[in-house]
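Colleague: I am attaching a structure below and will ask some questions about it afterwards.
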Amino acid sequence: MRVVLAAAAVTLTAAFAAQAGAAAPGPQCGGTLWKQMTLVDTKGINWNPKTTTIGDIAKLTAPSRITAARTTAFQKQVWKMDDVVIERYRMASNGELVFQLYDIPTNTYMNAYVPSTSCMTANATIHKALVKARNGFMNHCAAPTKDWQILGAHAAIYGVGFWNPTTTTLGALKSGAELRPLVGLTITQGCGKF
């Protein structure tokens, strides 16, 4: 009996030690496209917002090759959506806020993101805009969890065009077009606003 208890204690101790040393799930800051996703790379971006809709962005064709450099007009523009529905949201394992957006007239979904504050660019002006966009959501709506939360709030958003090579995320456009990161977000209806 003592041998069994001793073996169980050793097994549990090893399991807890392994768990304690394990890193948080998911990638943290970094990766091939990270400079675009966090606006460390701002070369060539037109900061004068151009109004668009999810329906218009859904018509765009992704480049044949997605690289670490901004190569398309979509990636070099800050886009503005005056009234978009945030259908649902969650917190990614790396701290990013993930939004599934919905366009009522075209019945189309797409994704938008705000990076974790610990992964944002050091550029003071851009960092301030990213934090303000993040707080534009966090200060008004329920705290995000790792699971998708239904919302249905309306917002005005500003974001830089981004081509995501992964299109399997819930709400992703077939082309991979996203607004990533958002540099402005104002809840206009929902989350306590009427």
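Colleague: On the basis of being open to solvent by less than 60 Å² (accessible area, probe 1.4 Å) and touching a helix residue (DSSP H, G or I) at 6+ places or on another chain (Cβ under 8 Å), does residue 121 make the cut?
Modeller: yes
Colleague: When the range 79-95 is examined, which residues are found to be closer than 22 Å to residue 154 by Cα and open to solvent by less than 50 Å² (accessible area, probe 1.4 Å)?
Modeller: Correct list: 79, 81, 84, 85, 86, 87, 89, 91, 92.
Colleague: State all residues of the range 51-78 that are within 24 Å of residue 126 (Cβ to Cβ), open to solvent by 30 Å² or more (accessible area, probe 1.4 Å) and not in a loop (DSSP other than H, G, I, E, B); if no residue qualifies, say none.
Modeller: Within the range 51-78, just 51 meets the criteria.
Colleague: Select from the range 103-118 the residues that are among the hydroxyl-bearing types (Ser, Thr, Tyr), more than 19 Å from residue 36 (Cβ to Cβ) and surrounded by 18 or more Cβ atoms within 10 Å (Cβ to Cβ) and list them in ascending order.
Modeller: Result: 108, 109.
Colleague: Still on this structure, I have one more. Are there any strands (runs of 3 or more DSSP E) wholly within the range 84-194 with 2 or more residues that are charged (D, E, K, R), and if so which?
Modeller: By residue number, 177-189.
Residues checked against (1) within 18 Å of residue 46 (Cα to Cα); (2) in contact with an Asp or Glu (Cβ under 7 Å, 6 or more places away or on another chain); (3) surrounded by 14 or more Cβ atoms within 10 Å (Cβ to Cβ):
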| position | (1), (2), (3) |
| --- | --- |
| 138 | no, no, yes |
| 146 | no, no, no |
| 151 | no, yes, yes |
| 158 | yes, no, yes |
| 161 | yes, no, yes |
| 172 | no, no, yes |
| 177 | yes, no, yes |
| 194 | no, no, no |
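Colleague: Just to verify a result, which residue in the range 34-50, among those that are of a type outside the set (Gly, Ala, Ser) and farther than 24 Å from residue 92 by Cα, is surrounded by the most Cβ atoms within 10 Å (Cβ to Cβ)?
Modeller: If we take residues in the range 34-50 being of a type outside the set (Gly, Ala, Ser) and farther than 24 Å from residue 92 by Cα, then 45 is surrounded by the most Cβ atoms within 10 Å (Cβ to Cβ).
The values are calculated or read from the model by the stated rules, or taken from the named source; none is laboratory data. Quick caveat: nothing in here was measured; it's all calculated off a predicted structure. Cβ coordinates were reconstructed from backbone atoms using ideal geometry, including for glycine residues, and neighbour counts include every protein chain displayed. Quick note on the areas: whole protein, heavy atoms, side chains included, nothing else; ligands and nucleic acids left out. Shrake-Rupley method; radii C 1.70, N 1.55, O 1.52, S 1.80 Å.
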